[in-house]
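The structure appears right after this line, and notes come after that.
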Amino acid sequence: MCVNEEFSLYLQMEFQNPVEMRRLALLLIALVICTFTSLSFSQQSGKASYYAHRFHGRKMSSGSPYHKDSLTCAHRTLPFGTLLEVKNKKNNRSVVVKVTDRGPFNRNRIIDLSYAAAKELEMLHQGIAQVEIQEWAFKPFVPIHLPFNRYGLFIPAKSTDEVLSNLYVEKEKVLK
């Protein structure tokens, strides 16, 4: 008997109940939907604009006052405090901003940036730029220590037992 035949017999015996089959089908559909929606919302692209100078000092939706030199933004749906990485598609410059307001109210745009963020992306002269936004994740840099000297020659590494034996100190020598 082939493996496929055994598996199909198992499925027929296990899921003879139509309620169980329906549950399995709904579970699979939900899994597929969750996978594709999470992938589609993890990164957005579209047009970005920035706040005018007249909004400096006014309160935003989060309750804090807008300051043109802060790296903040307005997004329609993301919760306040979410950190976003915004990348200008034209020059590949990027900046990390914090969601502190709701907007933009223009349908053609996906994000409103503060003046400082727009300056970092070098989009002040255009006013509107094509950007790509995604939620920012902290990626620490961990240096890799390789056992090579500056000439590329292998340096023999000591085991922890060898290091520990070198650290051992005799009491008589210390108490003298």
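Only residues that are closer than 16 Å to ALA117 by Cβ, modelled with pLDDT of 90 or more and in a loop (DSSP other than H, G, I, E, B): list them for the stretch 33-61, please. Answer for the stretch 33-61, where residues must be closer than 16 Å to ALA117 by Cβ, modelled with pLDDT of 90 or more and in a loop (DSSP other than H, G, I, E, B): TYR51, HIS56, MET60.
Just to check your reading of the model, which residue among GLU122, GLU85 is under 19 Å from GLN43 (Cβ atoms), surrounded by fewer than 22 Cβ atoms within 10 Å (Cβ to Cβ) and either over 18 Å from the mean Cα position of the chain (by Cα) or touching a residue at least 24 places away in the same chain (Cβ under 8 Å) (or both)? Being under 19 Å from GLN43 (Cβ atoms), surrounded by fewer than 22 Cβ atoms within 10 Å (Cβ to Cβ) and either over 18 Å from the mean Cα position of the chain (by Cα) or touching a residue at least 24 places away in the same chain (Cβ under 8 Å) (or both) holds for just one of GLU122, GLU85, which is GLU85.
Screening GLN130 with (1) part of a strand (DSSP E or B); (2) in contact with a Cys (Cβ under 8 Å, 6 or more places away or on another chain) gives one miss only, at (2). Summed over the stretch 38-76, residues that are within 16 Å of ALA129 (Cα to Cα) and out of contact with any helix residue (DSSP H, G or I) (no Cβ under 9 Å at 6 or more places or on another chain) total 6. With respect to (1) in contact (Cβ under 8 Å) with a residue 60 or more places away in the chain; (2) loosely packed, with under 15 Cβ neighbours inside 10 Å, the lone exception for LEU113 is condition (2). Does PRO79 satisfy the condition of being buried (at least 16 other Cβ atoms within 10 Å of the Cβ), in the same structural domain as TYR51 (by TED's automatic domain parsing) and within 15 Å of ILE133 (Cβ to Cβ)? No, not satisfied.
The values are calculated or read from the model by the stated rules, or taken from the named source; none is laboratory data. Predicted model, so just to flag it, every value in this text is computed and none were measured. Every residue, glycine as well, gets a Cβ built from its backbone with ideal geometry; the counts of neighbours run over all protein chains shown.
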